[in-house]
Amino acid sequence: MPIVIEESSVTRTPVVRRRQIGEEMRGLLIRKEQRDRLKKDDRTKEMVPVIKSNGKPAQELVLHLLILPGSTMPVGLGDEEGMPDAGTVARLILKGGAFGQFIDADNTLKPRQVGDVVGVTSTWAQVYNADGDSVGGKITDNDEITAARIKGRNVGIYGDLTIARATPDLAQWVEKCEAAYWSWKNGTAPVLEDGDMFSD
């Protein structure tokens, strides 16, 4: 009887994506990791580190979260995107100012605990040209965001980030979050591909 060789499959965790003004997301922190930011090299098409002006690689922070009920930010992988169900595990990728916001919030609430509540809002946007330079001022209207995207412009959406301890009413969600943490810690959680990267 033939023996089928099972090929290992990798389940990738969707990424939280900011799409418009007025969105909110709350999730319980499972774990966090800091890594080099990567970009696709135009010539080789390979992923390479983003280098800062001081010659060092730019960093980003990846928060692995258990999404709470009521969150209105979509999550996705590649071209697939949708609203997450409560309990979905997703990644929130923080770069630049958002990374700094996390550090500031983190400094006010230590030690960090599995189950801490991370909140993110979308309150304003910025349009960028092809070179990555900002164009115009802050945008607070979704119609302007849509118009910029129709013109092929890149739009970054920003807002506030908070961290707080979970309240007693979230106890059942904290239990799920802790189970997800131990699943990862014990090596039974899905492992991301090396260098896995998605735009937020």
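The values are calculated or read from the model by the stated rules, or taken from the named source; none is laboratory data. Keep in mind that this is a model prediction, so the values were computed, not measured. Here Cβ is always computed from backbone atoms with ideal geometry, including for glycine, and neighbour counts include all displayed protein chains.
Residues that are touching a Phe, Trp or Tyr at 6+ places or on another chain (Cβ under 7 Å) and without any contact (Cβ under 8 Å) to a residue 40 or more places away in the chain: find the strands (runs of 3 or more DSSP E) completely inside the stretch 86-142 holding 2 or more of those.
134-139
Looking at 57, 49, 69, which is the one that is closer than 21 Å to residue 154 by Cα and surrounded by fewer than 17 Cβ atoms within 10 Å (Cβ to Cβ)?
49
Mind checking whether some residue in the stretch 2-14 is in contact with an Asp or Glu (Cβ under 8 Å, 6 or more places away or on another chain), surrounded by 11 or more Cβ atoms within 10 Å (Cβ to Cβ), hydroxyl-bearing (Ser, Thr, Tyr) and part of a loop (DSSP other than H, G, I, E, B)?
No; the residues of the stretch 2-14 include none that is in contact with an Asp or Glu (Cβ under 8 Å, 6 or more places away or on another chain), surrounded by 11 or more Cβ atoms within 10 Å (Cβ to Cβ), hydroxyl-bearing (Ser, Thr, Tyr) and part of a loop (DSSP other than H, G, I, E, B).
Which numbered condition in (1) under 18 Å from residue 96 (Cα atoms); (2) among the β-branched types (Val, Ile, Thr); (3) surrounded by fewer than 18 Cβ atoms within 10 Å (Cβ to Cβ) is the only one that residue 167 fails?
Checking residue 167 against (1) under 18 Å from residue 96 (Cα atoms); (2) among the β-branched types (Val, Ile, Thr); (3) surrounded by fewer than 18 Cβ atoms within 10 Å (Cβ to Cβ), the one that fails is (1).
State which residue pairs qualify: first residue over 27 Å from residue 143 (Cα atoms) and inside the stretch 12-33, second residue of a type in the set (Phe, Trp, Tyr) and outside any strand (DSSP E or B) in any location, beta carbons under 8 Å apart, and separation of 6 or more residues or different chains.
From the stretch 12-33, the pairs are 28/173; 30/181; 30/184; 31/181; 31/184.
I'd like to check something: does the stretch 47-66 contain any residue that is in contact (Cβ under 8 Å) with a residue 60 or more places away in the chain and under 23 Å from residue 164 (Cβ atoms)?
Looking for residues that are in contact (Cβ under 8 Å) with a residue 60 or more places away in the chain and under 23 Å from residue 164 (Cβ atoms), one finds at least one in the stretch 47-66, hence yes.
When you go through (1) under 20 Å from residue 19 (Cβ atoms); (2) at pLDDT 95 or above one by one for residue 136, which number turns out not to apply?
(2)
Within the stretch 35-82, restricting attention to residues that are assigned to a strand (DSSP E or B) and touching a helix residue (DSSP H, G or I) at 6+ places or on another chain (Cβ under 9 Å), which residue is farthest from residue 183 (Cα to Cα)?
In this case the residue turns out to be 59.
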